[in-house]
1. State yes or no: is S113 within 23 Å of the chain's Cα centre (by Cα) and small (G, A, S)?
2. In this structure, is G139 in contact with a strand residue (DSSP E or B) (Cβ under 6 Å, 6 or more places away or on another chain) and either closer than 30 Å to A203 by Cα or free of Cβ contacts under 8 Å to residues at least 12 places away in the same chain (or both)?
3. Among the candidates G106, G90, single out the residue that is surrounded by 14 or more Cβ atoms within 10 Å (Cβ to Cβ), at positive phi and in a loop (DSSP other than H, G, I, E, B).
4. Considering only helices (runs of 4 or more DSSP H) fully contained in the stretch 114-218, which possess at least 3 residues that are modelled with pLDDT of 95 or more and surrounded by fewer than 14 Cβ atoms within 10 Å (Cβ to Cβ)?
5. Do any residues in the stretch 173-191 that are on the phi > 0 side of the Ramachandran plot have Cβ atoms under 7 Å from those of residues that are in a loop (DSSP other than H, G, I, E, B) and open to solvent by less than 30 Å² (accessible area, probe 1.4 Å), where the two are at least six apart or on different chains, and which pairs are they?
6. Test H68 against the criterion of being part of a loop (DSSP other than H, G, I, E, B), open to solvent by less than 70 Å² (accessible area, probe 1.4 Å), in contact with a Leu (Cβ under 8 Å, 6 or more places away or on another chain) and at pLDDT 95 or above, and give yes or no.
Amino acid sequence: MRPFLDARLFLLAAIATAAVLGGCSHTSSDVPAAGKTGAAAAPSPSDPVAAWETVRAVLQSPRCQNCHPAIDRPLQGDLSLAHTMNVQRGPDGHGLPGAHCSTCHGKANPPASYGPHQPPGVSSDWHLPPPEMRMTFVGRSSRELCEQLKDPAQTANSRLPALIKHVSTDPLVLWGWDPGFGRKPVPVPHADFVAAFTRWANAGGPCPPEGPRTASLP
């Protein structure tokens, strides 16, 4: 009988040990799991500041910022390099006299069969902002760019509702999603961009805290 009793005592001891360890477990629903304590909550899709960051990413993509440089030369290409042939902004944003943007930029993108490095075109009017209202996107911090869009003195007195219409329908804006052969389109779908812009604008255009500027470009 002695071995049988020893085996029962060993089994009871094992069960008691397991019960104690189970009671100390951190897997119960009222105790945070390991590694999750203090974790920041993900931004809400309806957060207007998060929506603004989607807008900023579009505005500072090459397709948009190339026509919104800090210098008087447009930028070109996916690397946002200064335009070749010494192309200049000009007195009204349409280029210098005798060298207007329309000299090379027609009313539509050339066919893909023409190959790379052909001047793109748009149905309305290819141009930069005028020198007295540059609307610079390059090198701006997120907050600076946000505040700029809300300043009527820098947007030709266009308020946020007018800007929603502008980014929704202007052919030159829409071109960024159909830039022609050899160019990367804006990485954010246009419908998502407009939805984010609208969400941000309808919330009054809140801006993020001051942060680092984008990479230094012309």
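1. So S113 does not fit the description; no.
2. Details: in contact with a strand residue (DSSP E or B) (Cβ under 6 Å, 6 or more places away or on another chain): yes; either closer than 30 Å to A203 by Cα or free of Cβ contacts under 8 Å to residues at least 12 places away in the same chain (or both): yes.
Taking the combined requirement at face value, the residue satisfies it.
3. After ruling out the rest, the residue left standing is G90.
4. Because the criterion is at least 3 residues that are modelled with pLDDT of 95 or more and surrounded by fewer than 14 Cβ atoms within 10 Å (Cβ to Cβ), the helices (runs of 4 or more DSSP H) in the stretch 114-218 that meet it are 160-169, 190-202.
5. Pairs found: G180/P120.
6. On the way: part of a loop (DSSP other than H, G, I, E, B): yes; open to solvent by less than 70 Å² (accessible area, probe 1.4 Å): yes; in contact with a Leu (Cβ under 8 Å, 6 or more places away or on another chain): yes; at pLDDT 95 or above: yes.
In short, yes.
The values are calculated or read from the model by the stated rules, or taken from the named source; none is laboratory data. This is a predicted model, so every value here is computed, not measured. All Cβ positions, even for glycine, are placed from backbone atoms using ideal geometry, and neighbour counts span all protein chains on display. We work out accessible area using only protein heavy atoms, side chains counted, and drop any ligands, DNA or RNA first. Shrake-Rupley method; radii C 1.70, N 1.55, O 1.52, S 1.80 Å.
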